[in-house]
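To start, the structure under review is shown below, and the notes come after it.
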Protein chains: 2
Amino acid sequence: MTAMKFKPNLERLNALPKQRGLDAVVAMSPENFAYVSGVFILTVGLIRPRQAYAIVPAEGDPTLVICSIETSLAKEEGWIEDIRTYTEFADDPIDALTDALQRKGLASGKIGIDLDYLPATSFERLQKAMPQARFVNTTDDIAKIRAIKTPQEVAFLENAAKQTHRAVLDAMMASRLGETERVMADRIANGIIGNGADGTLFLCFASGDRTPQAHGYATERVPQPGEIIRFDVGGTYGQWASDFARTYSAGNPTALQRDTYAKLRKVHAATIDMVKPGVLAEDVFFFCRDQFQKMGLKFTMPHVGHSFGVELHENPMLRPGDKTVLAEGMVINVEPAVMDEEGAMYHIEDLFVITPTGHRLLTLGLPPEELPSIGQTITY
Amino acid sequence: MTAMKFKPNLERLNALPKQRGLDAVVAMSPENFAYVSGVFILTVGLIRPRQAYAIVPAEGDPTLVICSIETSLAKEEGWIEDIRTYTEFADDPIDALTDALQRKGLASGKIGIDLDYLPATSFERLQKAMPQARFVNTTDDIAKIRAIKTPQEVAFLENAAKQTHRAVLDAMMASRLGETERVMADRIANGIIGNGADGTLFLCFASGDRTPQAHGYATERVPQPGEIIRFDVGGTYGQWASDFARTYSAGNPTALQRDTYAKLRKVHAATIDMVKPGVLAEDVFFFCRDQFQKMGLKFTMPHVGHSFGVELHENPMLRPGDKTVLAEGMVINVEPAVMDEEGAMYHIEDLFVITPTGHRLLTLGLPPEELPSIGQTITY
């Protein structure tokens with residue numbers, strides 16, 4: 001991914017400070033920084049004290065403030081030319097940010113920053129260093145810009161989704177009864193990485209009575225005939241990722257299992273089909289819940305999907321109370337899950353982009369209409 | 001990893017509130033929560049609004065406050081029996097925390113919490129909900145407890161380090177001239193996962209003029225004979241991880257490269273050898289810097305290593321100003337890096353535990369004394 005410079009929606013980003021009546025906006029959560037700067041600095045998330053900031057002023061050029069050891073990466077990946085650095089341990093990152101803001105004449109400015117991410121102690125230091133400045137929370141303002149993907153971003157996400165889907169198809173086709181959850185999950189992981197991911201983001205994989213675990217990793221458990229296998233997996237692709245769930249049978253599915261899966265699959269397709277510009281995020285949730293009830297499926301989900309981009313669960317979320325008007329360019333995961341009467345959990349998830357008239361799938365296709373079994377070939 | 005219940009150092013943890021004059025300590029950063037609870041909830045890091053808290057009171061039993069969908073995982077992995085849950089979106093996690101603290105009679109208590117992690121907006125909500133309470137920052141207090149590993153934790157970390165080291169040896173032995181960085185890096189990733197990791201944590205891999213990038217991922221670049229290859233990789237193993245760096249030649253190393261590597265390897269071994277209980281963290285840094293100067297190597301590192309556990313870079317850090325007295329049971333990475341006169345970067349990293357009299361390596365062994373080449377068999 002490093003060869004292509006990613007640029008955010010500059011028109012909307014540059015307009016943000018004035019829209020909010022601010023002198024500058026500072027992006028510093030891992031996802032807001034990655035989106036605004038186009039630079040994926042691994043340590044922004046992994047080594048949190050090594051904070052990085054992208055300053056977008058109302059007037060003038062943007063500035064990056066980063067740890068000195070990330071300079072060559074920022075030059076290679078990023079589009080922002082003014083890069084200021086601090087030395088880890090010698091300097092506090094907040095002091096470097098303060099210095100950069102003051103040089104921009106913002107010592108008494110009104111500044112937006114990610115207060116939903118900035119740690120309480122960092123915020124205290126920032127306020128003390130800039131007592132004349134006022135700080136407001138712009139975490140969601142940047143998230144709202146991120147919600148509408150650029151064509152370049154859709155291409156990255158589609159590539160990731162299709163590569164991961166392909167890895168899953170190949171891995172589950174190659175899987176056999178008698179193998180452990182781990183062997184199957186590792187096969188998926190190797191496929192995700194082999195197909196182009198930088199690494200794995202998560203690999204939740206469970207069978208039988210472990211399937212209700214929302215986020216359990218594979219174990220040495222051997223799925224038995226008649227058991228459900230479900231997984232929710234993702235790879236990392238620069239600042240982007242994949243997030244993809246499927247449900248299989250270990251073989252010899254019961255009538256209850258086939259029926260439950262087929263109903264879930266119908267609800268899934270119908271839910272995706274009702275998405276188009278103008279629909280409210282919460283209405284997708286209510287529609288999906290109604291479909292569950294019509295099918296006689298037990299509905300327990302707090303949400304039925306989410307926007308997806310540089311953040312795993314972005315806003316809008318398909319949940320009650322989220323009144324975001326869905327719009328062209330949003331990239332959304334729908335992911336219904338249901339538990340059957342015997343306690344097995346089913347879960348399927350597909351990614352799509354909202355088009356002017358509806359949606360376009362970014363995975364290879366919807367899951368099969370009938371519950372697939374391990375070893376089965378699924379073609380698209 | 002899920003089959004074994006991890007318990008933190010309960011003696012030190014339970015003593016913490018009284019030591020600090022507190023009524024309770026709340027662990028809620030991803031690493032402090034994972035350590036205290038023994039539960040690795042993936043979404044605590046990946047979906048940050050879904051906060052999780054482990055409350056350790058001065059008197060009485062500990063309590064977990066988590067998102068309802070993680071309940072079965074918390075019961076399977078964790079040792080804390082009192083589990084309170086909140087419903088995502090319907091409840092604010094901070095309100096659930098407030099409720100749990102109030103039920104414990106702590107409405108006007110003095111409470112330690114991870115203010116180096118808690119977002120500014122969450123802290124504001126917490127203070128408003130509990131106006132009679134006082135909050136102090138205990139991020140580092142729990143980190144100090146984490147710094148001394150339990151034997152169980154050392155075993156987890158040793159297992160991860162050895163599995164990752166083995167994956168690297170096998171992958172680089174199988175690598176050939178003409179392959180891309182990506183092919184080699186994917187081989188390492190597959191080995192890490194195949195040897196037992198849940199996934200990859202990071203896979204920084206660079207050759208030739210890309211080697212100075214601190215955290216660049218593999219590209220389609222094909223390493224050429226006479227070029228340096230360096231990588232810094234890690235897998236995830238429940239809440240633990242591996243962190244391991246090596247430097248290879250793509251073949252036909254120059255005299256400068258062989259000499260630079262051999263000197264770095266000597267400095268590395270000497271630095272590890274000087275570590276024992278009683279030495280100050282910063283003294284390891286100064287010793288390493290002196291060795292660089294004696295060898296005629298250019299020294300530019302802000303630190304030469306770090307404690308390692310549920311967090312990638314834990315305190316103590318081997319850096320100027322860290323006056324932590326190193327002690328038995330600490331698990332440390334030493335990772336010197338140097339740039340040669342032609343601009344190639346070399347980097348090696350090994351993990352060890354401090355013993356009563358010195359240290360014990362947790363990797364399979366130190367890197368070879370002479371610069372290895374891809375395709376080479378290295379045995380331990």
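The values are calculated or read from the model by the stated rules, or taken from the named source; none is laboratory data. Because the structure is a prediction, the values reported are computed rather than measured. All Cβ positions, glycine included, derive from the backbone under ideal geometry; neighbour counts span all protein chains shown. All accessible areas refer to the heavy atoms of the entire protein, side chains included, with ligands and DNA or RNA removed. Shrake-Rupley method; radii C 1.70, N 1.55, O 1.52, S 1.80 Å.
Some notes on this structure:
- Residues located in the range A:350-362, provided they are surrounded by 22 or more Cβ atoms within 10 Å (Cβ to Cβ) and over 19 Å from A:Thr324 (Cβ atoms): A:Asp350, A:Leu362
- Boolean, A:Asp243 is within 13 Å of another protein chain (Cβ to nearest Cβ), within 21 Å of B:Glu88 (Cβ to Cβ), open to solvent by 10 Å² or more (accessible area, probe 1.4 Å) and not hydrophobic (A, V, I, L, M, F, W, C): yes
- Which listed residue, of A:Ala133, A:Ala107, A:Ala120, is open to solvent by 30 Å² or more (accessible area, probe 1.4 Å) and small (Gly, Ala, Ser): A:Ala107
- Any hit, the range B:289-303, residues being buried (at least 22 other Cβ atoms within 10 Å of the Cβ) and either of a type in the set (S, T, N, Q) or in contact (Cβ under 8 Å) with a residue 60 or more places away in the chain (or both): yes
- Scanning the range B:144-182 for residues that are open to solvent by less than 10 Å² (accessible area, probe 1.4 Å), among the charged types (D, E, K, R) and within 28 Å of B:Asp114 (Cβ to Cβ) yields a total of 2.
- Checklist (1) outside any loop (DSSP other than H, G, I, E, B); (2) facing another protein chain (nearest Cβ under 9 Å); (3) touching a residue at least 40 places away in the same chain (Cβ under 8 Å); (4) open to solvent by 20 Å² or more (accessible area, probe 1.4 Å) applied to B:Thr236, failing item: (3)
- Of everything listed in (1) within 10 Å of chain A (Cβ to nearest Cβ); (2) under 20 Å from A:Leu115 (Cα atoms), the single unmet condition for B:Thr87 is (2).
- Applying the condition of being out of contact with any Gly (no Cβ under 8 Å at 6 or more places or on another chain) and among the charged types (D, E, K, R) to the range B:68-89 and asking which residue is farthest from B:Lys18 (Cα to Cα) yields B:Glu88.
- Matching residues, the range B:172-189, being in contact with a Gly (Cβ under 7 Å, 6 or more places away or on another chain) and either modelled with pLDDT under 95 or closer than 14 Å to B:Gly234 by Cα (or both): B:Asp186, B:Ala189
- Any pair with Cβ under 6 angstrom, 6 or more apart, that starts in the range B:87-112 at a residue that is of a type in the set (Phe, Trp, Tyr) and ends at one that is assigned to a loop (DSSP other than H, G, I, E, B) and surrounded by fewer than 22 Cβ atoms within 10 Å (Cβ to Cβ): B:Phe89/A:Pro302; B:Phe89/A:Arg319
- Residue match in the range A:354-367 (condition: under 22 Å from A:Gln213 (Cα atoms) and at pLDDT 95 or above): yes
Here's the yes/no breakdown for (1) within 9 Å of another protein chain (Cβ to nearest Cβ); (2) more than 25 Å from B:Pro17 (Cβ to Cβ); (3) open to solvent by 10 Å² or more (accessible area, probe 1.4 Å):
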residue: B:Ser37; (1), (2), (3): no, no, no
residue: B:Phe40; (1), (2), (3): yes, no, yes
residue: B:Thr43; (1), (2), (3): yes, yes, no
residue: B:Pro49; (1), (2), (3): yes, yes, yes
residue: B:Tyr53; (1), (2), (3): no, no, no
residue: B:Gly60; (1), (2), (3): no, no, yes
residue: B:Thr63; (1), (2), (3): no, no, no
residue: B:Ile66; (1), (2), (3): no, no, no
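- Residue pairs whose Cβ atoms lie under 7 Å apart, sitting 6 or more positions apart in sequence or on different chains, and linking a residue in the range B:34-48 that is over 17 Å from A:Leu46 (Cβ atoms) and hydroxyl-bearing (Ser, Thr, Tyr) to a partner that is outside any loop (DSSP other than H, G, I, E, B) and open to solvent by less than 10 Å² (accessible area, probe 1.4 Å), are B:Ser37/B:Ala54; B:Ser37/B:Leu64.
- Filter result for A:Gly196 (of a type in the set (Gly, Ala, Ser) and within 24 Å of A:Tyr35 (Cα to Cα)): yes
- Against the list (1) within 22 Å of B:Thr247 (Cβ to Cβ); (2) buried (at least 19 other Cβ atoms within 10 Å of the Cβ); (3) in contact (Cβ under 8 Å) with a residue 24 or more places away in the chain; (4) in contact with a His (Cβ under 8 Å, 6 or more places away or on another chain), the condition B:His313 fails is (3).
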